[in-house]
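Have a look at the structure below, then the notes.
The values are calculated or read from the model by the stated rules, or taken from the named source; none is laboratory data. Since we're looking at a predicted model, the values are computed, not measured. Backbone-built Cβ (ideal geometry, glycine too); neighbour counts: all protein chains shown. Accessible surface areas use protein heavy atoms only, side chains included; no ligands, DNA or RNA. Shrake-Rupley method; radii C 1.70, N 1.55, O 1.52, S 1.80 Å.
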Amino acid sequence: MLYALLGDLHSNIEDTKAVLTHIQQTANDAEIIGLGDLYECIVSKKKAQSVTDLPLQKAAIIDNDFENLLTFPSIRGNQEERITRVTGINRFIELPETMDIDGAILMHGHQFKWSVTWQPIFPTIDKQLLFFGHSHESGLYRRNKKLAIRIHFGQPITLQEKQYGINVGSVVDHREWCLYDSEQRTVTFMSAPSISPQENSQLSMALGNRI
């Protein structure tokens, strides 16, 4: 099965549109799943420890046009957890923390321990593949170390029968996502180009048919 995995959208409409259009053009039959941090919380991590019952518009960047793009299932990230913490609105925290798909588990990544140089220390999992985000840096990992390979966007990487961590990159700023083929056991790091006004209109029409 094909999965289009994307994370760290941070409420960015244009970058999200570009990635969804790219998925539509290159992997239209893939199941799209979000890896959390869909939204951008505008309350700092420190301030969130002492603030409660904020109106949603003062806690996060929430836009109807952006929310209309979110037609796919997703796990939650630290941004969703913080929004719920400062507003008391549960719909953000109701997203699952993890998700199992064919041969893999999905986690946002804020649950990991991270070094000062943003290298993750992975938890023990019962699957061979762990897809995550959080650091906004795409990469392939083995035994808590990032593999020294050059990523060529659009070129599949065949994985051995070993455990790997796969950082899918970020939608915001980088317009990156990852295509996972569970049958062929390949991952393909992808980077979306800018979209034209015509493509933007076509995406809006396609989403309108699904809402």
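Looking only at residues in the stretch 173-192 that are surrounded by 22 or more Cβ atoms within 10 Å (Cβ to Cβ) and in a loop (DSSP other than H, G, I, E, B), the one that is nearest to the chain's Cα centre (by Cα) is 175. Taking the criterion of being over 20 Å from the mean Cα position of the chain (by Cα) and part of a strand (DSSP E or B), the residues of the stretch 143-172 that qualify are 145, 158.
Each row is one residue, and each column tells you yes or no for (1) touching a strand residue (DSSP E or B) at 6+ places or on another chain (Cβ under 9 Å); (2) in a loop (DSSP other than H, G, I, E, B).
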site	(1), (2)
99	yes, no
116	no, yes
123	yes, yes
127	yes, yes
137	yes, yes
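Is there a residue in the stretch 42-58 that is among the hydroxyl-bearing types (Ser, Thr, Tyr) and under 25 Å from residue 179 (Cα atoms)? No, there is no match, as no residue in the stretch 42-58 is among the hydroxyl-bearing types (Ser, Thr, Tyr) and under 25 Å from residue 179 (Cα atoms). Residues that are hydrophobic (A, V, I, L, M, F, W, C), over 20 Å from residue 166 (Cβ atoms) and in contact (Cβ under 8 Å) with a residue 12 or more places away in the chain are absent from the stretch 28-36 altogether. Taking each residue of the stretch 61-74 that is open to solvent by 50 Å² or more (accessible area, probe 1.4 Å) and looking for partners that are of a type in the set (S, T, N, Q) and assigned to a loop (DSSP other than H, G, I, E, B) with beta-carbon atoms closer than 6 Å, six or more apart or interchain, yields 61/11.
Restricted to the stretch 14-42, and to residues there that are among the aliphatic types (A, V, I, L, M) and outside any loop (DSSP other than H, G, I, E, B), the residue that is nearest to the chain's Cα centre (by Cα) is 33.
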